[in-house]
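The next block holds one structure in the form of structure tokens; read it before the comments.
Only the coordinates and a few stated rules stand behind these numbers; no lab work does. Source: prediction; values computed, not measured. Ideal geometry is used to build each Cβ from the backbone, glycine not excepted, and the neighbour counts take in all protein chains shown.
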Amino acid sequence: MSAFQDAGRFGLTRLGVSRSGAMDRLALAQANTLVGNAPGAGAIELVLAGATVTAQDGPARLAVAGAEMSLSVDGAALPANTSVTLIPGQRLVVGPARAGVFAYLAASGGYDVAPALGSVSLQPPTVRVAGAWIAAR
């Protein structure tokens, strides 16, 4: 599972809107710092599973931080907690988590995702369980 997450929404809980945001804010900040973004900028939150991304229209500087996951570019292993610049056609493969749960895939300059209520974080649905309303996160 993956979703866009940032540092979250602030000041809206009195209106019934949860903070949302990254589950591991330190890992989010680390991934963003590695690519030169603000620490709370939006990134892709990877939950246990990995991901495969390919640069298409131009170079892309990416970083992954958080859960221990294998990283490789076109089959060549990369060390953890580093950034890499892909050229068009190159593929970054992030393996499934070996330790930890949450990792963040940050891109230099961020992602083109429209914010809602000041955040790109996914607002989890609220569900009714045994007569009580609970948030999924």
For this session: Could you check which residue among Thr85, Thr13, Thr54 shows the biggest mean-square fluctuation in a GNM of the chain with a 10 Å Cα cutoff?
Result: Thr13
Exercise. Within the chain, what's the longest stretch lacking chymotrypsin sites (Phe, Trp or Tyr not before Pro) that sit in DSSP loops with no more than 15 other Cβ atoms inside 10 Å?
Worked result: 11-110
For this session: Give the residue from Leu92, Pro39, Ser20 lying farthest towards the positive end of the charge dipole for the chain; charges sit on Cβ (+1 for Lys and Arg, -1 for Asp and Glu) and the dipole is referred to the Cα centre.
Result: Ser20
Exercise. How far is it, in nm, from the label point at Ala49 to the one at Ala114 when both lie 7 Å from their Cα along the line to the Cβ?
Worked result: 2.6
Exercise. Between Thr33 and Leu12, what FRET efficiency follows from the Cβ-Cβ distance if R0 is 41 Å, with the result rounded to 0.05?
Worked result: 0.95
For this session: Quickly work out the Arg91-to-Met23 label distance, labels modelled 7 Å from Cα along the C-beta direction, and quote it in nm with one decimal.
Result: 2.7
Exercise. What is the set of long-range amide H partners of Arg91 at a cut-off below 5 Å, with H atoms built 1.01 Å from backbone N?
Worked result: Asp74
Seminar exercise, completed: Each label sits 7 Å from Cα toward the beta-carbon; between Ser70 and Phe4 the label points are separated, in nm, by 3.1
Problem set entry | Helix 25-34 vs. the chain, principal-axis angle (Cα, 0 to 90°, nearest 10) | 30
Problem set entry | Charge dipole (debye, nearest 20) of region 2-135; +1 at Cβ of Lys and Arg, -1 at Cβ of Asp and Glu | 420
Seminar exercise, completed: Rg from C-alpha atoms of region 2-135, normalised by the globular rule of thumb 2.2 N^0.38 Å, equals 1.12
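With the Cα gyration tensor of region 38-96 in hand, give its eigenvalues times 5 under a square root as the equivalent ellipsoid semi-axes, listed largest first in whole angstrom.
17, 15, 11
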For this session: Using the Karplus curve 6.51 cos²θ - 1.76 cosθ + 1.60 with θ = phi - 60°, work out ³J(HN,Hα) for each residue of region 110-119 in order, rounded to whole Hz, and write x for Gly and Pro.
Result: x, 10, 8, 10, 6, x, 10, 6, x, 8
